[in-house]
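Asker: Before anything else, here's the structure in question.
Just so it is clear, none of the values below were taken in a lab; they were calculated from the coordinates. Just so it is clear, the structure is predicted and the values come from calculations on it, not from any experiment. As a convention, Cβ positions derive from the backbone with ideal geometry for all residues, glycine included, and neighbour counts pool all protein chains shown.
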Amino acid sequence: MVRLDPSVFYRDFSAASPTTASQHLSAAATRLALSVVYAIAELPAAIFDQFRQLLTPETLWGLCLVVAAWLLATVIGGPIGVAINGLLAAYGLYELWPVVKEVGRDLWAWLRGAYYADNEGALKEAGQHFAAALAKGGLTTLEAIVTHRAFRGAAQKIRERYPTPEWLRKTYEEQQRKRSESESPKDDAARRTDAESKRRADESKRRNRVEDTVSGAAAAVLVPAGRGAGGAIEGLVVGGVAVVAVLAVVAGSAAMRKKGRAD
């Protein structure tokens, strides 16, 4: 088993040395990031496709810094929690805490395992908890954080102070490569089938939305026309628009059905 640098497992703090709070936060984020990268091999194919679209190495590092900061400031607490609160004051992250709390609830086994890990094996075990949680829907919770307005603004500022480590990019790419090499042609075919099914489902939803929109437009015109127009000219105008709307519904539906058959 590879021996990681001892600094990865740093959990000390001294009020007399403010830099120790920064070291503590960086080390905690490192452990979280490592455990997530180790989880890449454990993720189901469909989840992994969504994972890599949502979490690039840069986004992952920002996420781990934010989650580690929440963990230290609100769960671990004590002197280190106070110090981390001081570090976060300029980043406007407090608005994110309710959202991050949901991650803490859904992914607590991962957070706890990674934070208290003292060797690579413990980090890999934490990664298994992460993979299991994502397979049960945890990816949606993470997405709520990384797409949040406060996260996008704060993550950039935090990464300026704590740049994305080069080792994270390399390890992320290495784990992806290992995963690709271990996948069988059958796995790849299954992924393509899943992707095609998702594409068709999305296309069907789009067709339904278009039809609903056009139908709604027709109804909005037809209802007032049914209540009677004030004069003959107004009645002709409203009636003409209603006919156009109805024709649009028919034409739109026919086009969608034709496109669906072509697919």
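Asker: Take the Cα atoms of region 6-183, build their convex hull, and give its volume per residue in Å³.
Answerer: 101
Asker: For region 88-181, with only Lys/Arg (+1) and Asp/Glu (-1) charged at the beta-carbon, what is the dipole magnitude about the Cα centre, in debye rounded to 20?
Answerer: Magnitude of the dipole: close to 200 debye.
Asker: Looking at this model, which pairs from K101/K178; K101/K157; K124/K157; K157/K178; K101/K170 are more than 27 angstrom apart at the alpha-carbon? Spell out each step's value before the answer.
Answerer: On the way: K101/K178 33 Å; K101/K157 21 Å; K124/K157 29 Å; K157/K178 32 Å; K101/K170 30 Å.
Where the Cα-Cα span goes over 27 Å, the pairs concerned are K101/K178; K124/K157; K157/K178; K101/K170.
Asker: Let me ask you something else. Amide H of S14: which non-local residues (sequence gap of 5 or more, or other chain) have their own amide H closer than 5 Å, using H built in the peptide plane?
Answerer: Placed amide hydrogens put T20, A21 under 5 Å from S14.
Asker: Please work out how much length the chain gains when fully extended from A89 to R112, using 0.36 nm per residue of separation minus the C-alpha to C-alpha distance, in nm with one decimal. Each step should come with its number before you reach the end.
Answerer: Details: separation 23, 0.36 × 23 = 8.28 nm, distance 2.45 nm.
Residue separation times 0.36 nm, minus the Cα-Cα distance, leaves 5.8 nm.
Asker: Provide the FRET efficiency to the nearest 0.05 for the R105-E166 pair, computing r from the beta carbons and using R0 = 30 Å. The partial results should precede the final answer.
Answerer: Details: r = 33 Å, r/R0 = 1.09.
Taking R0 as 30 Å, the efficiency between R105 and E166 is 0.35.
Asker: Then there's this: What dipole magnitude, in Debye to the nearest 20, does region 1-149 give about its Cα centre under +1 on Lys/Arg Cβ and -1 on Asp/Glu Cβ? Kindly include the intermediate steps, with their values, before the conclusion.
Answerer: On the way: 10 positive and 12 negative charges, 31 e Å.
Computed about the Cα centre, the dipole is about 140 debye.
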